[in-house]
Amino acid sequence: MSHPPMPDADELACLDELIADLPPQADQLLPFLHRVQERLGHVSPAAMRFAAHAFNLSRADVYGVVTFYGDFREAPVGDTVVQLCMAEACQAVGARALAAHAEQRLGVPLGSSTADGTHHLEAVYCLGNCALGPSIRVKDAVHGRVSPSRFDTLLELRAIDRSRS
Amino acid sequence: MSTRVFIPNDTAARSMGADDVAHAIAVYGERMGLDLTIVRNGSRGAAWLEPLVEVETTAGRVGFGNVMPNEVDTLFVHGQVNLAHDRCLGTVESHPWFAAQQRITFRRAGVIDPLSLADYEQHGGLAGVRRALTLSAAEIVADITTSGLRGRGGAAFPAGIKWNTVRQATDTTKYIVCNADEGDSGTFADRLLIEADPYQLLEGMIIAGLAVGAERGYVYLRSEYPWAITVLREAVARAYAAGLLGTHVLGIGPRFDVEVRVGAGAYICGEETALLESLEGKRGVVRAKPPLPAMRGLFGRPTVINNVLTLAAATDVLAAGGARYAALGLDRSTGTMPFQLAGNIRCGGLVELPFGRSLRSVLDEFGGGSLSGRPLRAIQVGGPLGAYLPEHLWETPLAYESFSAVGAMLGHGGIVCFDDTVDMAEQAEFAMAFCAHESCGKCTPCRIGSTRGVEVIQRLRRREESRRQWQLLEELCETMEFGSLCALGGLTPLPVRSVMTHFAGDLLTPVGGTGQ
């Protein structure tokens, strides 16, 4: 692990804000990383260095935590994260075929972002919508009974939302 | 008088468009000058009917299943509910799918506004904690012990024993931890309860706190459930505002605080010791037991760690008394269990019944056959670590002991159905791949064994040296079962072995069908 950079002034201001109301205890590391991920989209090496200092942990400890959990990313990914539930209940109603369709439609395999940076496609193991699979999650919205054509519709609707905002 | 219209606000209903339906009904009511009050209730668990719209009438709540936004204007005729509508189910509670259940833990789910404490209390909430406040800690634990309540998270450990160990510990600081890291595919009961009736969980945690002398509780809730997180956080805030939580429980009790912590996408954190590590801010790596969390748990202190449904059930045990709860169920599987019908099934959802009904009778009475219309072939009960059952085992009673007697497990009550297009070799490979993906890495049988398991099954699927690979897989399963530190590595052989035992043909029949 090479020596990580210090956060730049903007990032530092943001990290200071995100940590402001958290007590400086090691058990607050996950809540802090969640905030960082939510605000900045990923946990940068500089943010990890910041967290290690703030919670009195080694950088290796923080790096170990960031890389252990599926939620945290070390680098930015495509803007719209599309999660496909690939667990058994969704498998039983066509999750594998839906994944193949999604990969073909977006032109990338599961676990990667499109070249234009608009989408990130990934597998997730259980969204808790097991009676209404296949399920996908886009931001905080879960969608059930997602056929390949409904998948296309949902993507197009989000494209419309983006062009409006 | 205003007519109340109920539109569920849970993840499942919203995944099928409930928000758009709610909006359409509000617009319709305004346009037609109807005096409608829209209540966003939780789900009753009939996922197959979502969005399930209910209109309050003098005869009860009349339901309409699978309502689409563009048809809400047909639910009413001249301002009255349209009973002749082809989606009309009549009064929901008399519908056979609901009437045949015995709802205890989920009796308020879908009935009340989840965040209304007044609703909660009006429907029997807080009776358990009120009674607990009149009892000694030992009496509360005795009631839990009498009830026979066992952990609903899957391991089925008697709650009374766990609580008593923590109660007797002499530390001044103790904790209650709610395991809401419901990661098993096919299970959604914890999510449904939190989204439909969150105060029940908080009440259960307070009771546990009174029973063992803990003043602080944590809910570890998985990040895959964003709506449950929102609802529970709001419920906690309102419980503080109402004095249910905080310095004096209900104004008379000791202090009790609850904090909601969010997981970060690691299945292993459903294992209790990995969950504790994660709560402490570390990698979710399994701890060796002993010491048990009841002796040395969160931050090294005595800790009650229970599943959402166990803590929720404690409210009814206290409200009705342990003996009444114990009267339900089969043998040592007392009380009720929410079974979750999922996968390739037409009428999927949550069905709460006393233990002991056969799997087949539950499928026949509630399932409505496969979603695809094809014959069902395999049913996985108990999540990714549970066995795949062939048809001749579907008569097995749904209870902890009867399931382990046939080499299966009930787990968290998830029932995932597969039709005859399923390739069981693919499912066996997935079981190993899932373990490899989710292993915390602490012990070798789980970390390495699962990867080797994927490779061996892939060779079997390619029909390479079938006999040798078969034997290798058997030995690997044994090593994982007896050598792993926790249930992830220790139980992954269960689904794999069930495929070897009951669906051997999928792993062994030569491609093309000629013998070899």
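The values are calculated or read from the model by the stated rules, or taken from the named source; none is laboratory data. Bear in mind the structure is a predicted one, so any value in this text is a computation, not a measurement. Here the Cβ is made from the backbone with ideal geometry for all residues, glycine too, and neighbour counts use every protein chain on show. Ligands, DNA and RNA are stripped out before the accessible areas are found, and what is left, the full protein with its side chains, is counted by its heavy atoms. Shrake-Rupley method; radii C 1.70, N 1.55, O 1.52, S 1.80 Å.
B:R87: accessible area at probe 1.4 Å, nearest 10 Å²?
Near enough 80 Å² of accessible area.
What net charge is computed for the residues neighbouring A:H3, neighbours being all others with C-beta under 13 Å from the C-beta of A:H3, Lys and Arg scored +1, Asp and Glu -1?
On the way: positive: A:R49, A:R59; negative: none.
It works out to a net charge of +2.
Please work out how much accessible surface B:D419 shows to a 1.4 Å probe, ignoring ligands, DNA and RNA, in Å² rounded to 10.
10 Å²
Remind me, what semi-axes does the range B:126-256 give for its equivalent ellipsoid, largest first in whole Å, using sqrt of 5 times each Cα gyration tensor eigenvalue?
On the way: eigenvalues 109, 75, 32 Å².
Its equivalent ellipsoid spans semi-axes of 23, 19, 13 Å.
If you take every residue apart from B:E195 with its C-beta less than 10 Å away from the C-beta of B:E195, what net charge results, scoring Lys and Arg +1 and Asp and Glu -1? The partial results should precede the final answer.
On the way: positive: B:R14, B:R191; negative: B:D10, B:D190, B:D197.
Spelling it out: positives minus negatives among the neighbours equals -1.
More than 20 Å apart: what percent of Cα pairs in the range B:234-326 qualify? Working shown, then result.
Numbers: 2285 of 4278 pairs.
Above the 20 Å cut-off, the range B:234-326 has 53 percent of its Cα pairs.
From the P(r) of the range B:1-119, could you give the percentage of C-alpha pairs in the tail past 26 Å? Before the final figure, lay out the partial values.
Details: 860 of 7021 pairs.
Summing the P(r) of the range B:1-119 above 26 Å gives 12 percent of all pairs.
What residues qualify as long-range amide H neighbours of B:R377, i.e. H under 5 Å apart, gap of 5 or more or another chain, H built at 1.01 Å from N?
Those lying under 5 Å, H to H, from B:R377 are B:F418, B:D419, B:D420.
How long, wide and thick is the range B:374-483, going by the Cα atoms along their three principal axes, in whole angstroms, largest first?
If we take the Cα atoms of the range B:374-483, the spans are 34, 31, 22 Å.
Which of B:V422, B:L507, B:L202 sits closest to the plus end of the dipole of chain B, meaning its Cα is farthest towards the positive end, when Lys and Arg get +1 and Asp and Glu get -1 on the C-beta?
The residue sitting most towards the positive pole is B:L202.
With all protein chains present and a 1.4 Å probe, how do B:E272, A:E156 order by accessible area, largest first? Each step should come with its number before you reach the end.
Working: B:E272 40, A:E156 95 Å².
Largest accessible area first, the residues go A:E156, B:E272.
For B:S358, what residues show an amide H to amide H distance below 5 Å, using hydrogens built from the backbone and excluding near sequence neighbours?
The answer is B:L398.
Hey, what's the per residue convex hull volume over the C-alpha atoms of the protein assembly as shown, in cubic angstrom? Please report the intermediate quantities before stating the final value.
On the way: hull volume 115.3 nm³, N = 681.
Dividing the Cα hull volume of the protein assembly as shown by its residues yields 169 Å³.
Total Å² of accessible surface buried at the A-B contact, 1.4 Å probe, nearest 100?
Working: alone 9290 and 20260 Å², together 26090 Å².
The summed interface area works out to 3500 Å².
From the backbone phi of the range B:352-365, what are the Karplus-calculated ³J(HN,Hα) couplings (6.51 cos²θ - 1.76 cosθ + 1.60, θ = phi - 60°) in whole Hz, Gly and Pro given as x?
Each residue's phi maps through the Karplus curve to give 9, 9, x, 4, x, 5, 6, 4, 5, 5, 5, 4, 5, 6 Hz.
Using the Cα gyration tensor of the range B:175-313, with a ≥ b ≥ c the square roots of its eigenvalues, what is the shape: rounded (a/c below 1.5), prolate (a/b larger than b/c) or oblate (neither)? List each step's numbers first, then the result.
On the way: a/c = 1.91, a/b = 1.18, b/c = 1.62.
It is oblate, given that a/c is not under 1.5 and a/b is not larger than b/c.
Over all residues in B:219-225, what is the mean tally of Cβ atoms on other chains that come within 10 Å of each residue's Cβ? It would help to have the intermediate numbers written out before the result.
Values: counts 0, 1, 0, 4, 7, 12, 4.
For peptide B:219-225, the averaged partner shielding equals 4.
Below 14 angstrom from the Cβ of A:G144, what's the summed charge of the other residues (Lys, Arg +1; Asp, Glu -1)? Walk me through the intermediate numbers first.
Values: positive: A:R137, A:R145, A:R150, B:R14, B:R191; negative: B:D10, B:D19, B:D20, B:E50.
In short, +1.
How much mean residue ellipticity at 222 nm does chain B get from its helices, if each DSSP H run of length 4 or more adds -39500 (n - 2.57) and you divide by all residues, to the nearest 500 deg cm²/dmol?
Details: 21 runs with 203 residues, N = 516.
Mean residue ellipticity, 222 nm, calculated: -11500 deg cm²/dmol.
For chain B, state the average projected area of the convex hull of the C-alpha atoms over all orientations, rounded to one decimal in nm². Display every interim value, and only then the final one.
Values: hull surface 98.8 nm².
Across all orientations, chain B yields a mean hull projection of 24.7 nm².
Which cross-chain or sequence-distant (5 or more) residues have an amide H under 5 Å from the amide H of A:S112, H modelled 1.01 Å from N in plane?
So A:S112 has HN proximity to A:L121.
Kindly state, as a whole number, the per residue volume in cubic angstrom of the convex hull around the alpha carbon atoms of the range B:178-239.
Each residue corresponds to 82 Å³ of Cα convex hull volume.
Using a ≥ b ≥ c from the Cα gyration tensor of the range B:159-202 (square roots of the eigenvalues), is it rounded, prolate or oblate, where a/c under 1.5 gives rounded and otherwise the larger of a/b and b/c decides, a/b for prolate?
Verdict is prolate for the range B:159-202.
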